[in-house]
Amino acid sequence: MSYRSNIWKMYLFKFFRNLHFIGAVLVPFYTDWGGISFTQIMILNSFFLISIFFMEIPTGAVADYFGRKASLILAALVTAVATFVYSLIPNFYMFLLGEFLWGAGYALMSGADEALVYDSLKKGRAEKKSKKIFARFNSFEIGAIMIAAPIGSAIAAYIGLRYTMMFMAFPMLIAAAVGITLKEPKTKKKVESARYINLLVGGVKYFKNHRELKILAFDRISIAIFVFMVIWIYQPLLKELNVPLVYFGFVLAGMSVVQVIFLNSHSILEKIFGSKKRYLLYSALISGALFILLGLSNSVPLTIIMLLAVASFGLTRHVLFQSYMNKYIESYNRATVISAISMIDRFCRALVYPLIGLIVEVSLRYAFFFLGAVIIVFALVSKVEEEHLID
């Protein structure tokens, strides 16, 4: 049985699953329609991440035990319910329920999508194409965000902020329908004769006892946590610079376009910078420097250019790690190990985000300075070596 069709179907699944109309106006949705502060937004985000933290390993194990296909279908359906709950009434506690459901959907998908793609490639003896395929896979995610962003801005400006969230249920249901057509790659599993708890413990131990995975995970997580904050604080910055709400989506769309370009140019960029290790280092250092410059900028055009540059270098690094880290994981517990790494990521974010929320409320500019400095420090202490980066 050929599993080639899984790849393009997963591209479609990724696209519809990430058709987020809310993305372009996320902060105004919370502050203007929801009536909550930026620190409360970060608390909600931490609750979302904590929800994922407690479900990452169990849902990763469910993907291994019951199948990645079933996990992905459930992920889309649960997220559709979350968008409906979130858009009912502007209430902090209702938002908490929405975040919990969204976290459940995210955890069901986390690890299972990457694992299904990689094992489909392995069945076709095409693992060497994994970097290219993962780049394209993530391009569909970013492409969805790019298309949804201007639509979301228009919905917010002409219909209402509430509906940018509510209308997201429809693409989630389409993603679930696509998931039904997937073919489950058959792998040599140990779970048939293993107890559920043994599967969970085995996934964690696999990561814990693997030095290369830990080094790669530290670089990926430490930089990504702080670079990703640009998604949360660029909208308050645009608002401070008096950019109209209807244009927010076009800025996010631009950030998405440059990400797609960079995601499909990593081999060229690695040659330009001299090696894979040097590209990872300088992409982080450039991102950190840009955060500091954003904290100083009062020019709308210059600010937008720097936001595009942060998206290009900073928000695309994780795709390389998807490819590099998968080389060290066996198929039978791939989803579980990936989920273990993601669990650590979410836990760290949950601790950091409320602190950043407080800094933003003190001074948005100070927040940019802080984030830039931390990114640069973590880039310099990374222990990633060229031999760890296997294509």
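Has segment 135-154 got any residue that is part of a helix (DSSP H, G or I), among the basic types (Lys, Arg) and modelled with pLDDT of 90 or more?
No, that holds for no residue.
Results for (1) among the basic types (Lys, Arg); (2) within 22 Å of the chain's Cα centre (by Cα); (3) modelled with pLDDT of 90 or more, shown as yes or no for each residue.
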| site | (1), (2), (3) |
| --- | --- |
| 282 | no, yes, yes |
| 300 | no, no, yes |
| 320 | no, yes, no |
| 336 | no, yes, no |
| 347 | no, yes, no |
| 361 | no, no, yes |
| 375 | no, yes, yes |
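Considering only segment 242-289, state which residues are in contact with an Asp or Glu (Cβ under 6 Å, 6 or more places away or on another chain) and part of a loop (DSSP other than H, G, I, E, B).
275 - this is the single residue of segment 242-289 that is in contact with an Asp or Glu (Cβ under 6 Å, 6 or more places away or on another chain) and part of a loop (DSSP other than H, G, I, E, B).
Which residue out of 104, 112 is free of Cβ contacts under 8 Å to residues at least 60 places away in the same chain and either among the small types (Gly, Ala, Ser) or buried (at least 21 other Cβ atoms within 10 Å of the Cβ) (or both)?
Only one candidate passes the filter, namely 104.
Take the residues in segment 319-376 that are among the small types (Gly, Ala, Ser) and farther than 30 Å from residue 209 by Cα, then tell me which one is surrounded by the fewest Cβ atoms within 10 Å (Cβ to Cβ). Give the derivation first.
Initially, segment 319-376 is screened for residues among the small types (Gly, Ala, Ser), giving 323, 331, 335, 339-340, 342, 350, 357, 363, 367, 372-373.
Subsequent filtering for residues that are farther than 30 Å from residue 209 by Cα retains 357, 363, 367, 372-373.
Values: 357: 24, 363: 12, 367: 25, 372: 22, 373: 15.
Checked segment 319-376; the qualifying residue surrounded by the fewest Cβ atoms within 10 Å (Cβ to Cβ) is 363.
For segment 45-62, check the following and say yes or no: at least one residue is at pLDDT below 90, outside any helix (DSSP H, G or I) and more than 17 Å from residue 99 (Cα to Cα).
No, that holds for no residue.
Given 292, 305, which one is farther than 19 Å from residue 256 by Cβ, assigned to a helix (DSSP H, G or I), more than 19 Å from the chain's Cα centre (by Cα) and of a type in the set (Val, Ile, Thr)?
Numbers: 305 fails: farther than 19 Å from residue 256 by Cβ.
292 is the lone residue from the list that is farther than 19 Å from residue 256 by Cβ, assigned to a helix (DSSP H, G or I), more than 19 Å from the chain's Cα centre (by Cα) and of a type in the set (Val, Ile, Thr).
Report every pair of residues separated by at least 6 positions or lying on different chains whose Cβ atoms are under 6 Å apart, first residue within segment 142-164 and within 15 Å of residue 30 (Cβ to Cβ), second surrounded by 17 or more Cβ atoms within 10 Å (Cβ to Cβ) and of a type in the set (Ser, Thr, Tyr).
That search, which allows pairs on different chains as well, returns 152/164; 156/164; 162/87.
Say whether the condition of being of a type in the set (D, E, K, R) and part of a loop (DSSP other than H, G, I, E, B) is met by at least one residue in segment 334-341.
Scanning segment 334-341, I find no residue that is of a type in the set (D, E, K, R) and part of a loop (DSSP other than H, G, I, E, B), so the answer is no.
If residue 364 meets every condition in (1) over 24 Å from residue 43 (Cβ atoms); (2) aliphatic (A, V, I, L, M); (3) touching a Leu at 6+ places or on another chain (Cβ under 9 Å) apart from one, which number is that one?
(1)
The values are calculated or read from the model by the stated rules, or taken from the named source; none is laboratory data. Bear in mind that the values here come from a model prediction, so they are computed numbers and not experimental data. FYI the Cβ positions are ideal-geometry reconstructions off the backbone, even for glycines, and counts take in every protein chain you see.
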